[in-house]
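For reference, the structure discussed in these notes is given below.
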Ligand SMILES: Nc1ncnc2c1ncn2[C@@H]1O[C@H](COP(=O)(O)OP(=O)(O)OP(=O)(O)O)[C@@H](O)[C@H]1O
Ligand SMILES: [Mg+2]
């Protein structure tokens, strides 16, 4: 079973939305359980809005233990501001720790602090999310700073898109949207493939 944690110190950076889309992607590869450990229960509320159940299970951290066995992937959505010992523990247990980060100068400091708090040898990747469109250079600038600091970052990134917000409001993912609204699914598919590589999926 592969544990994939989506976490970080900053709120509102797309942890929950990314968790849902990553779970959706991984559901093509095996049985997936999202553990919603946010006291706001954002993922459970999302499921509550959907007309048909998603292709993965959603449990909160209290009800999850009885549902863990038999899954291939666990996706852990955490609330903002885990303390540093929690972050260390999460990144130690997870096969991959995903750290969403939005391209704004303000989020950079807690971001850089976060890398000191990861467990030694943690397998992690920064996910640049809510990236503004061209001609903004802010996502490229963030990527450059991260790379200069020798921080692992996904090659792909998640664009800022009203379709993503629309899908989440409807209790679905962008994979279930049609026409132009489905375009951002490409971003998650590219990240999903990088995740499979990062966890050595299917390799002994
Ligand atoms: N790709 C995107 N494009 C546009 N808006 C987005 C995108 N991703 C997230 N958002 C916006 O950011 C908000 C926060 O997203 P999300 O709930 O996933 O963040 P979070 O990191 O889980 O927040 P919290 O720390 O509160 O749990 C969403 O409600 C949505 O409005
Ligand atoms: Mg959240």
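No value in this document is a laboratory result; all are computed from the given coordinates. Just so it is clear, the model here is predicted, and its values are computed rather than measured. Using ideal geometry, Cβ is built from the backbone for each residue, glycine included, and neighbour counts are taken over all protein chains shown.
Structure notes:
- The length gained by stretching the chain between residue 182 and residue 148 to full extension, at 0.36 nm per residue less their Cα-Cα distance, is 8.9 nm.
- Computed from the C-beta positions of residue 166 and residue 120 and an R0 of 41 Å, the FRET efficiency is 0.50 to the nearest 0.05.
- For the stretch 39-142, the fraction of alpha-carbon pairs in successive 5 Å shells from zero, as %: 2, 10, 16, 18, 19, 16, 12, 6, 1, 0
- Working note: Debye formula, equal point scatterers on the alpha-carbon atoms of the stretch 2-198, no solvent; log10 I(q)/I(0) at q = 0.19 Å⁻¹ is -1.46.
- In this simple spin-label model, placing a label point 7 Å from the Cα along the Cα-to-Cβ direction at both residue 1 and residue 41 gives a separation of 2.2 nm.
- Net length available on complete extension from residue 104 to residue 50 is 16.2 nm, with 0.36 nm assigned per residue and the Cα-Cα distance removed.
- Comparing Cα centroids, the stretch 18-83 and the stretch 154-193 end up 17 angstrom apart.
- Gaussian network model of the chain, Cα within-10 Å springs - most flexible of 133, 184, 103: 133
- Value of [θ]222 nm, deg cm²/dmol, for the chain, DSSP H segments ≥ 4, -39500 (n - 2.57) each, nearest 500: -11000 deg cm²/dmol
- Spacing of the two label points (7 Å from each Cα toward its C-beta) at residue 29 and residue 92, in nm: 2.6
- If you sort the three axes of the alpha carbon gyration tensor as a ≥ b ≥ c, you get a/c under 1.5 for the stretch 1-81, which makes it rounded.
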